[in-house]
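Okay, structure first, notes after.
Just so you know, all these numbers are worked out from the coordinates, no wet-lab data involved. As the structure is a prediction and not an experimental result, all values here were calculated from the model. Because the Cβ atoms are built from the backbone with ideal geometry, glycine has one as well, and the counts that use them run over all protein chains shown.
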Amino acid sequence: MHEVQLASHTIQTHGTRLARKYTHDWVVLVLLTAIVVGLHYTPPFSRFVGRDMMTDIRYPVKSSTVPAWSVPVCVLFAVLITAFFTDTIKPLVGRPRPDFFWRCFPDGKQLYDQVTGEVICHGEKSFLADGRKSFPSGHTSWCFAGLGFLSLYLSGKIKVFDCQGHVSKLCIMILSLLIASLVGISRIDDYRHHWEDVFVGSLIGYIMSVLCYLHFFPPPYHDQGWGPYAYFYMLEEFQVANSNGAQNQQSTCEQQHCSSIGNDLESGNV
């Protein structure tokens, strides 16, 4: 019997089977994408902003050092779940960004309610709404989700935790987290987020990256941490199939051999 070779299974030969197996996962990803887009345009909670609070949110409006479109470049699944989590919190909290003053009063002319002291903004509506979405930092959470996943993936592939003490391997793993941290720092430098927003965003992103990674891969310190669960599952299936095939072939040969001996006995050749 011809043995099944693992390397012979490609997208072309087994793509349909693979697509059917993960149909539900792709449906969930599409739904998450649609929900995240909807949440992005959800009006934020209009938190009270008084005259005394303007000192801390009067930083100038700057363009982003790291644009939003360049963030979700690593792992779609982890990034989408993180985006869903982050964009759900943002409009509910409604925390003003550090540059909220200039979003509220683009001409610098301040106007407050005479009774409550709350700001009466006359800035652009969409720009002002985005100014109330400071907590948590979306850029930071997305980057830690994607690059955190990448750091775990690399640590498993190059076997960082093999008890050999290779510092170079550890540096490769940390590099991804360093890049994510620099993105978070840029959000503070651009006056788009307070440091608390960035800190919480990094925690959300990294926790999601760990959960998503462990959903597909063994822990990086595991002996089989270099490959996904699906690979070892398919490998086990192939080994069982080959083992059963070899047993059936051996059984067939034994039957044929016994039949040949019986025929020889009947014909008097033995």
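I'd like to compare 201-207, 160-166: which one has the highest average count of other Cβ atoms within 10 Å, and what's the full order after that?
On the way: 201-207: 23.0, 160-166: 12.1.
So the peptides 201-207, 160-166, ranked by packing, come out 201-207, 160-166.
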| request: For the stretch 87-161, just the Cα set please: Rg and Dmax, both in angstrom. | output: 19.4, 64
| message | Explain nothing, just the number: dipole magnitude of the stretch 123-211 about its Cα centre with +1 on each Lys and Arg Cβ and -1 on each Asp and Glu Cβ, in debye rounded to the nearest 20. | response | 240 debye
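Can you work out the FRET efficiency for the pair residue 35 and residue 125, with r the C-beta to C-beta distance and R0 = 25 Å, to the nearest 0.05? All intermediate terms of the calculation are to be shown ahead of the outcome.
Values: r = 23 Å, r/R0 = 0.93.
Rounded to the nearest 0.05, the efficiency is 0.60.
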| request: Find, among the GluC sites (Glu not before Pro) in the stretch 108-197, those assigned to loop by DSSP (not H, G, I, E, B) with at most 13 other beta-carbon atoms within 10 angstrom. | output: 124
| Under 5 Å, built H, 5+ apart or other chain: amide partners of residue 118 | 113
| remark: Ordering 208-218, 92-102 by per-residue average of other C-beta atoms within 10 angstrom, highest first, gives 92-102, 208-218
| Fully extended, how many nm does the chain gain between residue 114 and residue 223 (0.36 nm per residue separation, minus their Cα-Cα distance)? | 32.5 nm
